[in-house]
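Have a look at the structure below before the remarks.
The values are calculated or read from the model by the stated rules, or taken from the named source; none is laboratory data. Because the structure is predicted, anything quoted here is derived from the model rather than measured. Don't worry about glycine lacking a Cβ; one is built from the backbone with ideal geometry, like all the others, and counts go over all protein chains shown. When the accessible area is computed, the model is the full protein with side chains, heavy atoms only, and any ligands, DNA or RNA have been set aside. Shrake-Rupley method; radii C 1.70, N 1.55, O 1.52, S 1.80 Å.
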Amino acid sequence: MLIIIMAISFLYLLLIGGFIIGFDNVNNFKVKLLVPKTKFSIVVPFRNESDNLPRLLDSILQLEYPKELYEILLIDDASTDDSVLIIKSHLKDTLYDWTILKNNPNTSSPKKDALKIGISKSKYDWIITTDADCILPKEWLNIYDTVVQNSAYSFIAGPVAYKKPKSFLDHFQNLDFISLMGSTIGSFGLKKPFMANGANLAYKKALFHQLNEFEDDSNIASGDDVFLLQKAVRYNSEQVGYLKAEGAIVSTNPQPTRQQLVSQRVRWASKSIYYKSAFSIFTAFTVFFMNILCVILLLSSITGLTNFFTFLSLFVFKSFLDFILIYKTSRFLGHQIPFIRFLISSILYPFFTTYIVTISTFKNYDWKGRTFNK
């Protein structure tokens, strides 16, 4: 047992330690805005987002970027609420170039179908995606334009953060999401990127077609962002970059209930079995085995099968590494981490992760009123 503990601890040290180093390797983007030149097609799939769309649309209307240099493509994925009416009322009297399209899902992934429709109707070379429950920063397009003008990137991943947490459930999700953002940025810094978030993602339309769009993973309900990134890395890793800029952080909402949180995390976990990147597979297994080891040691110490000090030592070791990565990432994202919330979440997280991985392996999941196969 001691050998297993030491082996998993060593792998976890390599992984999280690598992410910590990689996070610092990605330089903070220094904003030196240029005369805007890049034309963007903003693509936003939505389904029953009447509560969130007003905030997204308001943030789009406040973008400090020439209106003639971007278009807004909103793809209705079979909404049954007032989403379409809200969009029309917000944009009908404006001078913005906007279009509402109807999704026609013909695969196991309606969101990928929606994105394909939006991209197929887009007029410009650069596609930039976000989600309907997001708020965009004012300099969002300006910063992307500066990166496009000063680099050879064809695929750019950007940062996403939860809005300021209020409840304990919000704080728990926020810590989890911050660790994911830290791991994402860290993997780019290690030149082994494997995660991205479609709420803040930009790529050339030509590259999207060269990567065979979503055809290779259309049977997987989620992963429009992750699998496209992994294909882009295999195609040409030098064209893939991360935009580490505070002014480009897109904010989104945590899930309001435990049930919705579980559904979301099961959706995320379900795609991990389809990863083709060796580093992503190593990451998934290392994180899972470290968390399940914590669960086993805690339960076995309670029943007297092992010494509680063994669990405590592993927990302190894991929490120390996690805290460094979370602290660095939270500072970049502009969040404060209450230590007590971090400590309680760190105790609960191994149980949560083990539960999510277990049910994602054996059960289907519901998302936005639909049931998807694992």
Here is a list: LEU61, LEU57, LEU73. Which entry is closer than 19 Å to GLY247 by Cα, in contact with a helix residue (DSSP H, G or I) (Cβ under 7 Å, 6 or more places away or on another chain) and either open to solvent by 80 Å² or more (accessible area, probe 1.4 Å) or of a type outside the set (Phe, Trp, Tyr) (or both)?
LEU57
Restrict the check to region 15-29 and report whether at least one residue is of a type in the set (D, E, K, R), open to solvent by less than 90 Å² (accessible area, probe 1.4 Å) and in contact with a Lys or Arg (Cβ under 7 Å, 6 or more places away or on another chain).
no
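Starting from residues that are among the β-branched types (Val, Ile, Thr) and not in a helix (DSSP H, G or I), keep the ones in region 221-274 and report whichever is modelled with the lowest pLDDT.
This residue is THR257.
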Enumeration of residues in region 81-133 that are modelled with pLDDT under 95 and β-branched (Val, Ile, Thr)
THR94, THR107
In region 98-144, the residues that are within 17 Å of PHE214 (Cα to Cα) and assigned to a helix (DSSP H, G or I)
PRO110, LYS111, LYS112, ASP113, ALA114, LEU115, LYS116, ILE117, GLY118, ILE119, SER120
Looking at region 197-220 only, could you name the residues that are in contact with a Gly (Cβ under 9 Å, 6 or more places away or on another chain) and assigned to a strand (DSSP E or B)?
LEU201, ALA202
Would you be able to say whether some residue in region 359-373 is in a helix (DSSP H, G or I), open to solvent by less than 40 Å² (accessible area, probe 1.4 Å) and within 22 Å of LEU15 (Cα to Cα)?
no
Filter region 136-162 for residues that are of a type outside the set (S, T, N, Q) and open to solvent by 50 Å² or more (accessible area, probe 1.4 Å); which is farthest from PHE352 (Cα to Cα)?
ALA152
Can you pull out every residue in region 222-241 that is open to solvent by 30 Å² or more (accessible area, probe 1.4 Å) and of a type outside the set (S, T, N, Q)?
VAL233, ARG234, TYR235, GLU238
Criterion first (at pLDDT below 95, over 19 Å from the mean Cα position of the chain (by Cα) and surrounded by 14 or more Cβ atoms within 10 Å (Cβ to Cβ)) does ILE337 satisfy it?
yes
Note on region 296-314: residues surrounded by fewer than 18 Cβ atoms within 10 Å (Cβ to Cβ) and in contact (Cβ under 8 Å) with a residue 24 or more places away in the chain are THR306, THR310
